[in-house]
4 protein chains.
Amino acid sequence: MAKKIKKIGVMTSGGDSPGMNAAIRAVVRACAYYDVKCIGYYRGYEGMIDNDFIELSPRSVKNIINKGGTFLKSARSEEFRTQQGRKKAYQNLKKSKVDAMVLIGGDGTFTGGAMFSEEYDIPVVGVPGTIDNDICGTQYTIGYDTALNTVVDAIDKIRDTASSHNRLFFIEVMGRDAGFIALNSGVGAGAEEILIPEEDQKLEKVLESLKRSKRSGKTSSIVVVAEGDKTGENVFELAKAAKEQLPSYNPRVTVLGHLQRGGTPTCFDRVLASRLGVKSVEFLLDGQRDIMVGLENNQVVATPISDIVNSEHDINRELLRISDILSI
Amino acid sequence: MAKKIKKIGVMTSGGDSPGMNAAIRAVVRACAYYDVKCIGYYRGYEGMIDNDFIELSPRSVKNIINKGGTFLKSARSEEFRTQQGRKKAYQNLKKSKVDAMVLIGGDGTFTGGAMFSEEYDIPVVGVPGTIDNDICGTQYTIGYDTALNTVVDAIDKIRDTASSHNRLFFIEVMGRDAGFIALNSGVGAGAEEILIPEEDQKLEKVLESLKRSKRSGKTSSIVVVAEGDKTGENVFELAKAAKEQLPSYNPRVTVLGHLQRGGTPTCFDRVLASRLGVKSVEFLLDGQRDIMVGLENNQVVATPISDIVNSEHDINRELLRISDILSI
Amino acid sequence: MAKKIKKIGVMTSGGDSPGMNAAIRAVVRACAYYDVKCIGYYRGYEGMIDNDFIELSPRSVKNIINKGGTFLKSARSEEFRTQQGRKKAYQNLKKSKVDAMVLIGGDGTFTGGAMFSEEYDIPVVGVPGTIDNDICGTQYTIGYDTALNTVVDAIDKIRDTASSHNRLFFIEVMGRDAGFIALNSGVGAGAEEILIPEEDQKLEKVLESLKRSKRSGKTSSIVVVAEGDKTGENVFELAKAAKEQLPSYNPRVTVLGHLQRGGTPTCFDRVLASRLGVKSVEFLLDGQRDIMVGLENNQVVATPISDIVNSEHDINRELLRISDILSI
Amino acid sequence: MAKKIKKIGVMTSGGDSPGMNAAIRAVVRACAYYDVKCIGYYRGYEGMIDNDFIELSPRSVKNIINKGGTFLKSARSEEFRTQQGRKKAYQNLKKSKVDAMVLIGGDGTFTGGAMFSEEYDIPVVGVPGTIDNDICGTQYTIGYDTALNTVVDAIDKIRDTASSHNRLFFIEVMGRDAGFIALNSGVGAGAEEILIPEEDQKLEKVLESLKRSKRSGKTSSIVVVAEGDKTGENVFELAKAAKEQLPSYNPRVTVLGHLQRGGTPTCFDRVLASRLGVKSVEFLLDGQRDIMVGLENNQVVATPISDIVNSEHDINRELLRISDILSI
């Protein structure tokens, strides 16, 4: 039988995402509600290794539900990939009498957590926090909805200039190897073309389509390009090719960059983070371990971390079809 | 066999909601894609009765995906409730050779549409557009996500003052007889109490809980009240009762009102509207009729309008529990 | 000769406004820059009386420049109006060796400060922080620009509904006895009528003008009403009168309320707060006292507090004329 | 004596900026108010040369006060720099009986306008519309305040990531050869360093200062770099140098790009555009010509275009001092 959990540690790791603070708040308050102690480690696995932590009470997390980033800070830890690093972390957890960990982060975070939990007797629960939405076992990751709105807001602004000047814009958005952000923000922003790594659009086909658009009376156009897409080597090469073949379109490039990671989380991300944070504690108290909490069909579900790591979250190809129809 | 559809009419009816323009755009462009003509009636059923319409091409709907409200305007029509009114509408549709209608609106819109389709041979498809999310057959209505973010943004602002002045705020939000907006925005904004019509919270219990909050060290509090909630007669009576029992909390009231209906739609609402708009046309062309399109488990589905009208969309009671835990 | 200042106290008092945190930050960092100690009193004069304070270093004010409200909290103090109250405050300041005070607030704050400085040998400098912009000696108060944008954003949203439904909206905005917010937000939002306390518009004239608008082809209208305006007793009476005389316009009321006070400050308010905060310290160190810092013609200037208290800040009547022309 | 003006043309030229639509609206409605006809030329001087225009009535400009970009579109015209091009434009104006022109744009627009007005008998008035604020004769150009808020909002988001990951960010902002945007947004966003073309900061000095910041306990930093700044060749070279000397700071670059040009105008820009637009018409009707309208000390003033072209708008060096103090 699992040992009774009296103290839970929480941390955020990997790229930060809006809503991580809301998730921490939910973990902390659920602990208080169930009369379990809670401490937060700073900078993810780094803080576990360095024993850099803070005791957390319901009042420590007031007024953070609407703050971007993570007040526990985040990092990627090389040392935790070594057995030595994980051992140090374990010893620190023992010293502080931490019985279980809630890990808020992405794929890399969970891989580390799975290894740790296997080696040492510390149950872990993963909470998916990344803007990329590239994690199996959940329809939505925390921060993804906010990032979509940030991107769409930026493209709306760029469209003002694009349509005032009859221009073509190539806009690179985040998402690592996944096209979720590009695909959804592209449909949301009414982009003429959306280039994602999951689909191999040919450069010539894209240019052909842009030419057709122009002939059909469109005076400006937006092409959204996922950072992992390889259609034209990269977004600058794409624009160069477009310049040669569509000179009157006056193509420009914007790489949205890190502003996509920050900002006040949307209501959706706050509610998602709140639900997943509370349930991560409840699952631990119910004796579950080495799972990730996720949202499927509006229900919080648990999936073994081992099923999640290295699996791929499929994009909704239906949206590509919709985008094609709407850019007529 | 259903007659081939060559021309589709589209209109928006009932309370406007953000994303209605995106839905119209999707209907218009899907029609063009499938080589079907499209016209838009102004002011919902009123325009059908008055034969007040506009021919719509893909270029007529450019740059509207991000605009709040509805450029086709909306209205509630008394005349359409009469047989005489519906007959006039039918005659106008025949005159313009409109073979089918896409109706964007809420419950009232669909009730009218069902009656109309029964009496005359005009297939209709409903697209759920309302901020209230009070419609069966879809997890989300168009405009609901935007309204949640508008409300949460407003409460964030009010919280600045609440916590600067150690005050208690009662904030009334929209939703007619449904608590969706109150419940989700309340969790998203970190409200201490959420009062919704679906739950009969007793006034004394609410005040007791607020007193407990104050004793536990909270210096300010937000109570979100659905407009249909009856806990304290209305939000002003609630505040009055609080003032008597918690004078040091200095309670204030804000009624958010109509600003909840407008604004640039979120990415979620734009994508939802785009998907539902396209599918409403595709369902019609596939011979379906008298259905509403909706989103269930991230799939667009069709439900007979007759199953939707007068049914109730259940709120997620799990969120009440989460809210309770988080307001510790 | 004035005694050398080694420690400065800072506080925020009266209604909170966006940018107060930025002003505190500027005071704290200017103190550090000039090697002067700095402490912050909580809840304005209340904290001075209760000796409720915090030592402030440059790092205590990091990441607050963009936060609404005031982390030092604010209050209106009855006790400070008594000699007894002010004496207690003075004794606490002496105990902490505070040599001078920076008072961030409005008219009421400065009145108290002037009295205090007269009775005791503590130089004070006022920093104008209020959304109302109703203070002489400065073209802009901290928070005013943010409030204008909040109001205009809210009216933009309401206009979506107003024009979708061909409606008339009466929108009450803050400003106490001053029409600054109403006048500027009204022009910025393209309101058809703007009612401010500084001008006695007759109810009949307003209704006449709305009727003319309607006849000229306008289908919806926005009337912005300052809370201090008396044209129609109050905004609800106005709407009632409009309903009687313009029934087809379907008039509605929204009282924006406290959301106008909060939110992330605009760039303008952050820069203004930064400049005024730094200069308030520099003026004190230069031996000036009992002044308010303000912005005139883009220069920071000092005005004796006695000249400011009870004087009136004139509105720009030119804007009324502009509004009249633009609502044609 | 100047000939009576019966018809005014209006256009937007050069880079678009938020508030241009509000300025067009003001010109159009002021014309209607004074019973003068108004037409709008598309794409600036290009439309004058191609005779591409639209008749404008008060209703043509409804609901555009809050839209970014310019519905008359904008362009830079090579042909207008030739005598031949200007002659064509003149002939088109004569054909349409246009008696005077309002030119909304920047320096390049006014240079062209001055030349045109000298050669042909068409009075012109310039309205300063550019986000760069690099125009003499006005404290503020239309669009500048909006751009500042867009930039500050983006930096706020980036700061979430910077402080979550203890990183150093170099952020390039627009402004061509002028540092207005960088300086004001840098102060507003609480940047540690601000690099502008008007000041020759040495690379070594900047790196020294960043090292000092880090030693003093700052864990993350933002450096705002004007696009015209030459401190480190360009922003990428700067980051490279920082990477070598401050490896633990993990420097990143974001080039904000064209999103700075778009978006809903702020209240300030809408009011400014409204005032300048109305006065441009009134000055023309009063017989003035070849002037630019501008805002000085909150008054609308007129300056001869010849005094403006090629003059330099000085930045507020006081802000550099403030920034230095605040980044302690």
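The values are calculated or read from the model by the stated rules, or taken from the named source; none is laboratory data. On a predicted model such as this, the values are computed, not experimentally measured, just so you know. Here the Cβ is made from the backbone with ideal geometry for all residues, glycine too, and neighbour counts use every protein chain on show.
Quick rundown of the values:
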quantity: Filter pass, A:THR161 being in contact with a Leu (Cβ under 9 Å, 6 or more places away or on another chain), without any contact (Cβ under 8 Å) to a residue 40 or more places away in the chain and farther than 20 Å from A:VAL28 by Cα; calculated: yes
quantity: Residue within the range B:94-103 that is of a type in the set (Gly, Ala, Ser), buried (at least 21 other Cβ atoms within 10 Å of the Cβ) and either within 14 Å of chain C (Cβ to nearest Cβ) or over 25 Å from the mean Cα position of the chain (by Cα) (or both) present; calculated: no
quantity: Pick from the range D:227-277, criterion in contact with a strand residue (DSSP E or B) (Cβ under 8 Å, 6 or more places away or on another chain) and of a type in the set (Lys, Arg), ranking: farthest from D:VAL173 (Cα to Cα); calculated: D:ARG275
quantity: Qualifying residue in the range B:109-125 (condition: closer than 18 Å to B:THR141 by Cβ, among the small types (Gly, Ala, Ser), assigned to a helix (DSSP H, G or I) and in contact with a helix residue (DSSP H, G or I) (Cβ under 6 Å, 6 or more places away or on another chain)); calculated: yes
quantity: Members of the range A:294-322 found to be within 13 Å of chain B (Cβ to nearest Cβ), touching a Gly at 6+ places or on another chain (Cβ under 7 Å) and modelled with pLDDT of 95 or more, listed by number; calculated: A:VAL301
quantity: The listed residue being in the same structural domain as D:LYS211 (by TED's automatic domain parsing), touching a Phe, Trp or Tyr at 6+ places or on another chain (Cβ under 7 Å) and surrounded by fewer than 24 Cβ atoms within 10 Å (Cβ to Cβ), out of D:ARG167, D:ARG176; calculated: D:ARG167
quantity: Segments classed as strands (runs of 3 or more DSSP E), wholly inside the range D:236-312, with at least 3 members that are in contact with a Pro (Cβ under 9 Å, 6 or more places away or on another chain); calculated: D:291-296
quantity: Every residue from the range B:48-65 that is in a helix (DSSP H, G or I) and either away from chain A (no Cβ under 14 Å) or closer than 20 Å to A:ILE155 by Cβ (or both); calculated: B:MET48, B:ILE49, B:ASP50, B:PRO58, B:ARG59, B:VAL61
quantity: Yes/no for C:SER220 being buried (at least 21 other Cβ atoms within 10 Å of the Cβ) and either away from chain B (no Cβ under 14 Å) or modelled with pLDDT under 90 (or both); calculated: yes
quantity: The one condition in (1) surrounded by fewer than 24 Cβ atoms within 10 Å (Cβ to Cβ); (2) touching a residue at least 24 places away in the same chain (Cβ under 8 Å) that D:ILE65 fails to fulfil; calculated: (1)
quantity: Out of B:SER77, B:SER57, sole residue that is touching a residue at least 24 places away in the same chain (Cβ under 8 Å), over 23 Å from B:CYS267 (Cα atoms), of a type in the set (Gly, Ala, Ser) and surrounded by fewer than 21 Cβ atoms within 10 Å (Cβ to Cβ); calculated: B:SER57
quantity: Test result for A:SER117, at pLDDT 95 or above, of a type in the set (Ser, Thr, Tyr) and touching a strand residue (DSSP E or B) at 6+ places or on another chain (Cβ under 7 Å); calculated: no
quantity: Every residue from the range D:1-35 that is more than 14 Å from chain A (Cβ to nearest Cβ), out of contact with any Cys (no Cβ under 9 Å at 6 or more places or on another chain), of a type outside the set (A, V, I, L, M) and closer than 18 Å to D:LEU93 by Cβ; calculated: D:LYS3, D:LYS4, D:LYS6
quantity: Meets criteria (in a helix (DSSP H, G or I) and over 22 Å from C:SER17 (Cβ atoms)) for C:ILE222; calculated: no
quantity: Answer from A:GLN260, A:GLN299 - the residue that is closer than 30 Å to B:ASN297 by Cα and free of Cβ contacts under 8 Å to residues at least 24 places away in the same chain; calculated: A:GLN299
quantity: Number of positions in the range C:22-47 that are part of a helix (DSSP H, G or I) and in contact with a Phe, Trp or Tyr (Cβ under 6 Å, 6 or more places away or on another chain); calculated: 2
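Yes/no per residue for (1) touching a His at 6+ places or on another chain (Cβ under 9 Å); (2) closer than 17 Å to B:LEU183 by Cβ; (3) buried (at least 20 other Cβ atoms within 10 Å of the Cβ); (4) within 14 Å of chain A (Cβ to nearest Cβ):
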| residue | (1), (2), (3), (4) |
| --- | --- |
| B:GLU199 | no, yes, no, no |
| B:LEU203 | no, no, no, no |
| B:GLU208 | no, no, no, no |
| B:ALA226 | no, yes, yes, no |
| B:GLU233 | no, no, no, no |
| B:PHE236 | no, no, no, no |
| B:ALA241 | no, no, no, no |
| B:SER248 | no, no, no, no |
